[in-house]
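Read through the structure below, which is laid out as structure tokens, and then see the notes.
The values are calculated or read from the model by the stated rules, or taken from the named source; none is laboratory data. Model, not experiment: these values are computed from the prediction. Note that each Cβ is placed from the backbone with ideal geometry, even for glycine, and that neighbours are counted across all protein chains shown. The accessibility values were calculated without ligands, DNA or RNA, using every heavy atom of the protein model including side chains. Shrake-Rupley method; radii C 1.70, N 1.55, O 1.52, S 1.80 Å.
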Amino acid sequence: MSAVAVKTLLEKSRPGASGALVTDNDFGEPGVDHYFEPSQLRTTPVGLPELTESEIVRHFTALSKQSHGVDNGAYPLGSCTMKYNPKRNDVLAGMSGFRDAHPHQPPETLTGLWELYFHLQQHLCEITGMSSASLVPAAGAHGELAGLLMIRAYFEHINQHRPTLLITDSAHGTNASSAAMAGFQCWLVPTDPNGLLDIQMLDTMLDESVAGLMMTNPSTLGLFEENIQEIASKVHACGGLLYYDGANMNALMGIARPGDMGFDVIHVNTHKTFSTPHGGGGPGAGPVAANHLLEPFLPGPVVVRSGNTFMPDPDRSLSIGRIKSHHGHVAVLVRAYAYILTLGARGLRQVSENAVLNANYVQARLADLFPPVFNRLCMHETLLSGSRLETETAYFAKKLIDHILHPPTMLGAGCVYFPGNLKAAMLIEPTETESLDSLDEMIEVFRQVFSESSGSAEP
Ligand SMILES: *Cc1c(COP(=O)(O)O)cnc(C)c1O
């Protein structure tokens, strides 16, 4: 596929062309005008494009062939984990027992679903190092909101007034919005020149008004916080709690657990790490998991086991309540369960090892043209500078589309805020599902487009 310019519907419009096959009838019925007051009728044309039905169908079919997805090319969009998701899990999610369950079915008739929920809760707790989980939040940001409402409910419960929440400035953009929605005042903790949280600044910001610190780790710069335990103990020492944005679990599974680092609550993105395709507005799920302290505040349903029976826990007086109708996004959760069982503990660890290896491979092989903004090993994604380009980085990135490669995420200058100087940088997340051959192809395209964009022969 190469980019073919498709005219817009307005450009294709021809006066008089119509999609309706029947324009008039001769049954003597009054026209539509009959039913309205004259003052309700337009006197000027609407200005809509005029085309036949087949022209419209062909227009949208042509557009659909121009769209890019992981099924027709690599999609190294940093922070988004656009990896390949096994089709088999779609088939499992479509099994009639899951697909045809009615949202209003009495809970006691859904025992199979509760059993799956229970085991998925357990697996996510094992992966994150937490003690209990609720699967219902509908997306990552929704999981953040749930977790922050839990922190708020906890301090209300123990009668402490803590209105402030600290957020790292390398966090995902949703963090600050979720905190504001949960009623907190947010302060940004700056990043130091190495891309890590500035601990001295943190020291000056911690006091008794602080409910907690919300961190994305690995951060949106692709870096793991080296001082994570020190940071955690400082926040706890002043009575605050720690929220872990776990949307980037792709880098950590089987290697490190937020619970062990001292975090109190976390969400994960099933539609990044656990095999639901994402993008295009499809449903996701952002399960939220907590340690013993915050567990009572989890939103319902939390499924518990009694003998061989699995049912939503009826006894949750401290819960923040329901934050999603019915049972959450069932099909997404079935896919996550199937993914975890298919890979097992060793397989999940390998996913993360390969995700990190692939990102570092790309970083190393492109370093001469696109120097890493932080010159150190990265996690599952790498931030590469466009400073050696003669064109705008955005222009370079868009040009990749001609080679069936999705542009990376742009950070910096006029795009997303990021601490620093230079031209925009690119956040590249190749993901573990790209083979060595496909990584080499991707790198080749970057090098070729670099030399085209720079006007010189071979860089
Ligand atoms: C994607 C992402 C989110 C938001 O997840 P949504 O499902 O899009 O709401 C939050 N934090 C991080 C670090 C992310 O990468």
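For this structure, a couple of remarks:
- Residue satisfying condition, being without any contact (Cβ under 8 Å) to a residue 60 or more places away in the chain and either open to solvent by 20 Å² or more (accessible area, probe 1.4 Å) or within 11 Å of the ligand (Cβ to nearest atom) (or both), within set Gln122, Gln160: Gln122
- Taking the stretch 146-173 as the range and being at pLDDT below 95 and of a type outside the set (Asp, Glu) as the test, the residues that pass are Thr168, Ser170, Ala171, His172, Gly173.
- All positions within the stretch 167-185 that are away from the ligand (no atom under 16 Å from the Cβ) and within 16 Å of Thr216 (Cβ to Cβ): none
- Number of the condition not met by Lys272 [criteria: (1) within 16 Å of the ligand (Cβ to nearest atom); (2) among the charged types (D, E, K, R); (3) touching a Pro at 6+ places or on another chain (Cβ under 9 Å)]: (3)
- Reported count of residues in the stretch 105-119, each being within 15 Å of Leu333 (Cα to Cα) and among the charged types (D, E, K, R), is 1.
- In the stretch 125-137, the residues that are surrounded by fewer than 20 Cβ atoms within 10 Å (Cβ to Cβ) and touching a His at 6+ places or on another chain (Cβ under 8 Å): Ser131
- Selection status of Ile199, farther than 28 Å from Asn85 by Cα, more than 16 Å from the ligand (Cβ to nearest atom), hydrophobic (A, V, I, L, M, F, W, C) and open to solvent by 10 Å² or more (accessible area, probe 1.4 Å): yes
- Being crowded, with 20+ Cβ neighbours inside 10 Å, within 29 Å of Ile255 (Cβ to Cβ) and either modelled with pLDDT of 95 or more or within 16 Å of the ligand (Cβ to nearest atom) (or both) is a condition met by at least one residue of the stretch 68-75.
- Some residue of the stretch 80-102 being among the charged types (D, E, K, R) and open to solvent by less than 60 Å² (accessible area, probe 1.4 Å): yes
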